[in-house]
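Read through the structure below, which is laid out as structure tokens, and then see the notes.
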There are 2 protein chains.
Amino acid sequence: MNIPIARSDIHIHLSEEHISILFGDSHKLHNIKDLTIPGQFVCSERVIVTGPEGSIEDVVVVGPARRETQVEISITNGLSLGITPPVRMSGNLENTPGCILIGPLGSVSLKKGVIASKRHIHMHTNQAREWNLSDGQSVCVKVPGSRALIFDEVIMRVGEDQAQEMHVDFDEGHAAGITDFQSVEIIP
Amino acid sequence: MNIPIARSDIHIHLSEEHISILFGDSHKLHNIKDLTIPGQFVCSERVIVTGPEGSIEDVVVVGPARRETQVEISITNGLSLGITPPVRMSGNLENTPGCILIGPLGSVSLKKGVIASKRHIHMHTNQAREWNLSDGQSVCVKVPGSRALIFDEVIMRVGEDQAQEMHVDFDEGHAAGITDFQSVEIIP
């Protein structure tokens, strides 16, 4: 059960409303690189994320637009910003902290939406069925190497629109010594 | 087998020679806080650590002076500095990268000494004997919580001058969701 693993650096998903405020009316995001998950892409657009204790510039926008704006940071990023992000699955934004977003044409005072993404595995329904895994299930994942560890509490995200990839944030990736193009193993 | 765990932020151990260059001839480090490990202390002295791509200010000096200067950073710190630190046990500095150190009275161009500390457990000889653990041994450590994980490759540092504490860097601490005064468990 080997699957590729990717480290997610700080990035942001924007609502249509916030895209308009930050980049101008009717602005369309520019896809500069498709991501592994079908339909998701890195945009040329960048924003500044600001918290009570600091800012991080050049934060990547990931498209397409979403229903709600979501800022995914690491705990380490949070120390720079002065924000403690709760560890959440994407889209679960109730009672999360906000921040200020600054774009070339405007700024947004976000009331909520800052999270540290809970580690998870994207997997297509067919593969999950073959391995007897289901959406929402928690699994353990073994990472080999000089910083070998076993991630517990890894959530399966299974669907027809998924491609196989485990996602961790930069803190987790660095803690496990993860390198580019590395594979990890789901263990029973 | 519960032991307290502590996250080490970026810090530096200095040789007498480098203390003199950075802070002045015959300068003595000022102890502002004893650490758990007997004889080790946080100093009031601070330095700037500079790499090819950036600097980190206000880096804590940990005393007392050592035979060789050693800069302990996280992989995330390394991205800011433009330095990729190898994962090493303290004192194992052969073929490690250098950096520039800037103090109030001078600067040092360090040829080597930048590492990401390999996670480890300090333990007094008596306790280690009771638990059948030996110096240099690698053990597994379970961290509970929302970011639960098992650290493999945790090195025992056993001695008469040790007190019981596990040390991880900031990346590892954040990846495991470690909080202040948390305990972890050595597992068979």
Reciprocal mean inverse distance between Cα atoms of the protein assembly as shown - Kirkwood radius, Å: 22.3
Shortest first and in nm with one decimal, please list how far the A:T84 label point sits from its counterparts in the other copies (point 7 Å along Cα→Cβ). 3.5
Work out the count of Lys pairs in the protein assembly as shown where the Cα-Cα distance is under 30 Å, with the pair 8 or more places apart or on different chains. 20
What longest region of chain B stays clear of GluC sites (Glu not before Pro) that DSSP places outside H, G, I, E and B and that have at most 15 other Cβ atoms within 10 Å? B:95-159
Just to confirm the numbers: A:G54, label point 7 angstrom along the Cα-Cβ line, distances to the other copies in nm, shortest first? 0.8
Computed helical MRE - 222 nm, chain B, DSSP H runs ≥ 4 contributing -39500 (n - 2.57), nearest 500: -3500 deg cm²/dmol
Of all DSSP beta bridges in chain A, what percent run antiparallel (nearest 5)? 70
How many percent of the accessible area of the stretch A:10-117 is carbon or sulfur, using a 1.4 Å probe? 51
Report ³J(HN,Hα) in whole Hz for each residue of the stretch B:104-111, in order, from the Karplus equation J = 6.51 cos²θ - 1.76 cosθ + 1.60 where θ = phi - 60°; Gly and Pro get x. x, 10, x, 9, 10, 9, 7, 7
Taking the Kirkwood radius as the inverse of the mean 1/r across Cα pairs, report the Rg/Rh of chain B. 0.98
Counting only protein chains, not ligands or nucleic acids, how are B:H124, B:H30 ordered by accessible area (probe 1.4 Å), most first? B:H30, B:H124
Suppose you put the label 7 Å out from Cα in the Cβ direction; list, shortest first and in nm with one decimal, how far A:G136 is from each other copy's label. 5.1
Accessible area of A:R46, 1.4 Å probe, to the nearest 10 Å²? 80
Share of alpha-carbon pairs per 5 Å distance bin for the stretch B:10-117, given as whole %: 2, 13, 25, 26, 19, 11, 2, 0
One would report the antiparallel percent of DSSP beta bridges in the stretch A:120-187, rounded to the nearest 5, as 70
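The values are calculated or read from the model by the stated rules, or taken from the named source; none is laboratory data. These numbers come from a predicted model, not from an experiment. Reconstructed Cβ throughout: ideal geometry from the backbone, glycine too, with neighbour counts over all protein chains shown. Note: areas computed on protein heavy atoms with side chains; ligands, DNA, RNA excluded. Shrake-Rupley method; radii C 1.70, N 1.55, O 1.52, S 1.80 Å.
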